[in-house]
Each structure stands twice: as structure tokens, then as C-alpha cells.
Amino acid sequence: MNSVTVRNLLVRGMLAGLAAGVLALVVAYFLGEPRVDEAIAFEEAHAHEHGGEELVTRAMQSTGGLSTGVLVYGVAFGGIAALAYCFALGRIGRFGPRASALLLAGAGLVAVYLVPFLKYPANPPAVGDPDTLNQRTALFLLMIVLSVLLAVAAVILGKRLAPRLGNWNATLAAGASFVLAVGLAYAFLPSFSEAPEGFPATLLWQYRLATLAIQVTLWTAYGLVFGLLAERVLAPKPARADEEKAPEGRATPVAH
């Protein structure tokens with residue numbers, strides 16, 4: 001793959017990330033923000049001290065701040081995913097551009113978000129001890145790195161086992177190895193349960209499901225949109241026959 005193709009895919013990946021970010025923004029606004037408001041109301045009702053004046057209003061946070069954050073994240077995410085696509089294309093099997101994009105998006109959703117989420121799920125305001133914030137953040141990032149590395153190792157293992165076991169059995173063996181390794185990581189890494197007394201369990205899970213819905217929307221939309229754009233770069237439609245003919249009124253060269 002030459003540099004021009006990589007550049008074209010990078011640009012289209014960022015555009016696809018922007019489009020996916022718009023859809024994720026809609027989900028975040030209608031599913032996530034109401035849960036955040038409820039969590040903030042609980043926090044304020046149980047706060048012993050009242051803070052000073054807000055530097056940024058809640059209305060601005062839930063509109064302009066949310067839009068900026070999600071859309072910038074979508075563009076950056078789309079560019080990184082496009083580079084990963086360039087590297088993975090042709091190395092994960094004989095799939096077309098669209099199928100490769102969807103497979104990459106699905107694998108990214110599982111490795112980058114779902115696996116870390118199951119160990120360290122997102123918390124709304126009022127949930128979580130401020131004293132453990134740095135530790136929880138570091139462990140969450142560590143879980144992302146471990147998950148991605150284990151996913152790459154599983155793909156490599158599956159490709160090496162395929163000649164001996166066949167594609168189906170090799171895929172099952174690689175998948176089982178990935179699940180086992182992730183399970184060991186879950187067992188050895190510390191867990192946190194820091195919901196304050198009286199915090200509604202329903203609200204906590206609604207918030208976490210909303211964050212999951214945002215990520216599913218982002219990755220799925222990206223896979224679909226980028227797959228379509230990548231196909232136009234990697235497998236353009238053949239030129240029509242009339243376009244290949246010499247223009248009318250132009251003399252046809254005569255062989256001597």
C-alpha cells in the first residue's frame with residue numbers, strides 16, 4: 001500500500017469518525033446526559049459543603065462541551081482506526097474492504113472498550129472515591145493495553161494454528177486463549193466498588209448502559225461508513241465502456 005492510498009484512507013477515516021461522532025453525540029445527549037443530571041442532583045443533595053460558583057455552567061457542559069469533546073474524539077479516533085486498518089488489511093484474511101472495516105470495528109469495540117469496561121465500568125458523578133481516581137485511571141489504561149495486546153496475540157496464534165487445525169478450530173482455540181488470559185487479568189487486577197450509600201443502583205446501571213450504547217454506536221457507525229469510503233479507494237468501480245472510447249471528433253491514429 002503506497003503513501004497516497006494511506007493518506008486517502010486516513011482522510012476518509014477521519015471523516016467517518018466525524019460522522020460516527022455525530023451519531024454518538026445524539027445517543028450521548030438523549031441517553032447519557034439525563035443520567036448525569038440525576039447523578040449530579042444526588043451529589044448536590046448529599047453534599048456537606050456547597051462549592052463555589054461554576055466556571056462552566058451545566059447547560060454549556062451538556063451542549064457545547066459535550067459536542068466538542070465527542071466530535072474531536074471521533075475525528076481522532078477515526079484517524080487512528082484508519083491507520084490500524086491500513087496495517088491489518090490483508091493480514092486478517094481474504095476479506096473485502098467493507099468486511100475488513102466491520103471486523104476491525106468489532107474487534108476494536110471488544111478489545112479497546114468492552115473488555116476494560118467489564119472490569120472497570122464507567123461511573124457517573126457522585127460515584128468513586130477521589131483518593132483512588134489516579135489509581136483507577138491507571139488501571140483502566142493498563143487494562144486497555146493488556147486487552148489490545150492479548151487480542152493481537154490471539155490473532156497471531158490463530159493464524160499459526162490454522163495450517164494444522166483448520167480455520168474454524170484455530171479461531172476457537174485463539175478465542176478461548178484470549179478469554180482465558182483476560183479472565184486471569186480480571187482475577188489479579190484490583191477491583192473497586194465505591195458507590196456512596198443510598199445511590200440508586202438502577203441509575204448506576206442506566207448510566208453504564210448509556211456509555212456502552214454510545215461506544216457501540218460509535219464503533220458500528222464507523223465500521224459501516226469507513227467500509228463504504230475505503231471500498232471506493234481500494235476497489236473503485238470499473239470505468240464505463242463509453243468513457244474508455246476516444247472522444248468524438250478526435251482523429252484516430254493510423255498505424256504506418
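Rolling a 1.4 Å probe over the protein heavy atoms gives region 1-40 an accessible area of 53 Å² per residue. Surface composition of the chain: carbon and sulfur atoms hold 66% of the protein heavy-atom accessible area at a 1.4 Å probe. Each residue of region 159-170 was assigned a 3J(HN,Hα) from its phi angle through the Karplus curve 6.51 cos²θ - 1.76 cosθ + 1.60 (θ = phi - 60°); the sequence is 5, 6, 7, 4, x, 8, 9, x, 4, 5, 5, 5 Hz, with glycine and proline shown as x. Within the listed set 208, 12, 160, the Gaussian network model of the chain (springs between alpha-carbon atoms below 10 Å) gives the highest mean-square fluctuation for 160.
If you run the Gaussian network model on the chain, springs between alpha carbon atoms under 10 Å, then out of 81, 39, 195 the most flexible one is 195. Of the listed values [x] 1.19; [y] 1.42; [z] 1.33, identify the label whose number matches Cα Rg over 2.2 N^0.38 Å calculated from this model. Among [x] 1.19; [y] 1.42; [z] 1.33, the one calculated here is [z]. Between amide H atoms placed 1.01 Å from N, distances below 5 Å from residue 120 occur with no residue 5 or more places distant or on a separate chain.
Shape call for region 121-167 from the C-alpha gyration tensor, a ≥ b ≥ c root eigenvalues: rounded (a/c under 1.5), prolate (a/b greater than b/c) or oblate?
Working: a/c = 7.70, a/b = 3.79, b/c = 2.03.
Since a/c reaches 1.5 and a/b is larger than b/c, the shape of region 121-167 is classed as prolate.
Along the chain, the longest continuous region that contains none of the GluC sites (Glu not before Pro) in a DSSP loop with at most 12 other C-beta atoms within 10 Å is 55-196.
The values are calculated or read from the model by the stated rules, or taken from the named source; none is laboratory data. Since the structure is predicted, the reported quantities are computational estimates derived from the model, not experimental observations. Here Cβ is always computed from backbone atoms with ideal geometry, including for glycine, and neighbour counts include all displayed protein chains. We work out accessible area using only protein heavy atoms, side chains counted, and drop any ligands, DNA or RNA first. Shrake-Rupley method; radii C 1.70, N 1.55, O 1.52, S 1.80 Å.
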